[in-house]
Structure formats: C-alpha cells, structure tokens
Amino acid sequence: MDFYHLTRTPVEAVLPRLLEKVVSGGERALVVAGDAGLLARLDEQLWRYEPASFLPHGIAGGGDEAAQPILLGTRAEALNGARHLLVADGAWPEGAETFERVFFLFDETSIAGARAEWRRLGQPKRYWKQDERSRWVEGP
C-alpha cells in the first residue's frame, strides 16, 4: 500500500506518470474514482499525456474490458485482470485489499479520510509526499 499525498500537483498530472511505470513493467492497472467527472478528466488526460507516450486504456462498461492494460471505473473490480489499483479520489473503495499493490492518491480535501484508512489498514504501507520541487519523498 502506497499513500501519495498530492500537495503540489493535481491527480490528472500525477496519475499518467504512475500508470506509465506500471504498464512499462508489464502490469495492468485499474484506476477507480467515485466521481464520473473525475474519470472523464482522467480519460482525456491519458489520451493527451506526452505526445511520445501512449497509455492504452478503456472505461469499465465500455466493452472489451479484459483487453485493456489500463481500465478506469467506479468499483475495485479487476475486469482487465489488473493486480495494481490506483485510487484517484482519496476514497478507499470496497475490495481494494484484494489487489497486489494499491496506490492511494489523496490531496488536502481528502486528508482526513486518508488518515483514517492509514490507521484502519494496520499493515505495511508507505507514505509519499511532494517536496517543494514536486519530487516524491518517502515520509515517516
């Protein structure tokens, strides 16, 4: 479990970089958010991200989910066989514990919920926070 505290960069900018690393490692990913508007923005960002890069993805319910290296949806169901879950909205989804790796992204608006999940999980986890140069630094 990796907690990513977004203090300088919005999720739309952070998520593609994380997904790029997951996919380049030969893995599949599921991105979840409860807000359809956020999912639409993420979908658009994944198509526009880095002209030299391509992040193939689809949206759950759009058909052919099993073929998608990256799937965006509202529930933590690995319809594409993903073992990596990226929680984009700071709201822990039911079923997240079944994934091999979870990236829990949250900002100042969802920090209280992130703290509650940190305490509730009680298992090995890591906390990452952006420094003044927007680099990720592992915290206590």
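Quick notes on this one:
- Here the condition is being touching a His at 6+ places or on another chain (Cβ under 8 Å), among the small types (Gly, Ala, Ser) and under 19 Å from Leu15 (Cβ atoms); of Ala91, Ala82, Ala96, Ala114, it holds for Ala114 alone.
- Of all the residues in region 28-56, those that are under 14 Å from His84 (Cβ atoms) and modelled with pLDDT under 95 number 1.
- The residue that is surrounded by the fewest Cβ atoms within 10 Å (Cβ to Cβ), among those in region 93-140 that are among the hydrophobic types (A, V, I, L, M, F, W, C) and part of a strand (DSSP E or B), is Val137.
- Single residue of region 77-92 satisfying the filter (open to solvent by less than 20 Å² (accessible area, probe 1.4 Å) and in a loop (DSSP other than H, G, I, E, B)) that is farthest from Arg119 (Cα to Cα): Asn80
Condition check ((1) free of Cβ contacts under 8 Å to residues at least 40 places away in the same chain; (2) hydroxyl-bearing (Ser, Thr, Tyr); (3) within 26 Å of Gln130 (Cβ to Cβ)) across all residues:
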position	(1), (2), (3)
Ala40	yes, no, yes
Arg48	yes, no, yes
Gly61	yes, no, no
Ala67	yes, no, no
Asn80	no, no, no
Phe106	no, no, yes
Ala116	yes, no, yes
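- If you go through region 36-60 and pick out every residue that is among the small types (Gly, Ala, Ser), surrounded by 11 or more Cβ atoms within 10 Å (Cβ to Cβ) and either more than 23 Å from Thr98 (Cα to Cα) or touching a Gly at 6+ places or on another chain (Cβ under 8 Å) (or both), you end up with 3.
The values are calculated or read from the model by the stated rules, or taken from the named source; none is laboratory data. Please read these numbers as outputs of a predicted model, since none were measured by experiment. No Cβ is skipped: glycine too gets one built from the backbone with ideal geometry, and neighbour counts run over all protein chains shown. The area values use the complete protein model at the heavy-atom level, side chains included, leaving out ligands, DNA and RNA. Shrake-Rupley method; radii C 1.70, N 1.55, O 1.52, S 1.80 Å.
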